[in-house]
Amino acid sequence: MTFTEQFLAETSEIIRRVDIGAVEAVASLLAACRASGGRLFILGVGGGAANASHAVNDFRKICGLEAYAPTDNVSELTARTNDEGWAGVFEGWLRVSRLRAPDMLLIFSVGGGDLEKQVSPNLVTAIRYAKSVGARVAGIVGRDGGFTRLAADACILVPVANPLHITPHTEAFQAVLWHLLVTHPALKTAETKWESVG
């Protein structure tokens, strides 16, 4: 078997193993957020930050859901990192945004955050802050889901098909799953361009 065949076989296995109930639960949370006039804040670092930026566009344009990614403002992100430390960058951003109970966080992370290992501590502090104000939390994560999976109201765990490919599969499936969500009948309000052209 070539590497390409192996990687694609792993991808097929992940698709078969995704928890459909978890996907539906996240879709329901997003629909409730929009219905209550809440805002969606999508948080991620590294590949998760890039995915967050694209997903913000889709949730706004296709679903009519007010959405933001703190990492889209590199000036504020780096100023907060420099002045306040990396662990608090998202919490500080959410405080200024006046995060409130109708709002929601969507976390894109491979490991979900782990304070003990000091991996993505900014996600952990943001989730804790969100819970303290009554905001809902959802995630699309890999590995064992980390802190995000433990604390979230709904969380999609990307199954591990090969421990050597956790990061690429998780980040790729974040894109697959958010595209599923913005296409979901409970959320989609606008036709996508190429489908509307005929």
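The values are calculated or read from the model by the stated rules, or taken from the named source; none is laboratory data. Note that the structure is predicted; figures quoted are calculated from it, not measured. Reconstructed Cβ throughout: ideal geometry from the backbone, glycine too, with neighbour counts over all protein chains shown.
Could you check, for the stretch 33-41, whether at least one of its residues is aliphatic (A, V, I, L, M), surrounded by 21 or more Cβ atoms within 10 Å (Cβ to Cβ) and touching a Ser or Thr at 6+ places or on another chain (Cβ under 8 Å)? No. Tallying residues that are modelled with pLDDT of 95 or more, surrounded by fewer than 16 Cβ atoms within 10 Å (Cβ to Cβ) and under 18 Å from the mean Cα position of the chain (by Cα) within the stretch 67-95 yields 1. Count of the stretch 39-57 residues, restricted to those that are under 10 Å from the mean Cα position of the chain (by Cα) and among the polar types (S, T, N, Q), is 1. In the stretch 171-198, the qualifying residues are those that are of a type in the set (Phe, Trp, Tyr) and buried (at least 16 other Cβ atoms within 10 Å of the Cβ), and the one that is nearest to the chain's Cα centre (by Cα) is Trp178. Close contacts from the stretch 88-111, counting a first residue that is closer than 16 Å to Arg34 by Cβ and a second that is modelled with pLDDT under 95 and charged (D, E, K, R), with Cβ to Cβ under 7 Å and a gap of 6+ residues or different chains, come to none at all. Confirm whether Val133 is farther than 25 Å from Val176 by Cβ, touching a residue at least 12 places away in the same chain (Cβ under 8 Å) and over 18 Å from the mean Cα position of the chain (by Cα). Judged against the criteria, Val133 is a match.
Applying the criterion of being of a type in the set (Gly, Ala, Ser) and surrounded by 17 or more Cβ atoms within 10 Å (Cβ to Cβ) to the residues of the stretch 42-55, the residue that is farthest from Leu187 (Cα to Cα) is Gly47. Against the definition (surrounded by 17 or more Cβ atoms within 10 Å (Cβ to Cβ), aliphatic (A, V, I, L, M) and closer than 17 Å to Cys63 by Cβ), how does Val158 come out, yes or no? In short, no.
Annotation note: of Glu171, Glu195, the sole residue that is among the acidic types (Asp, Glu) and closer than 18 Å to Ala52 by Cβ is Glu171. Test Thr167 against the stated conditions and say whether it is of a type outside the set (A, V, I, L, M), in a loop (DSSP other than H, G, I, E, B), in contact (Cβ under 8 Å) with a residue 60 or more places away in the chain and surrounded by fewer than 21 Cβ atoms within 10 Å (Cβ to Cβ). No.
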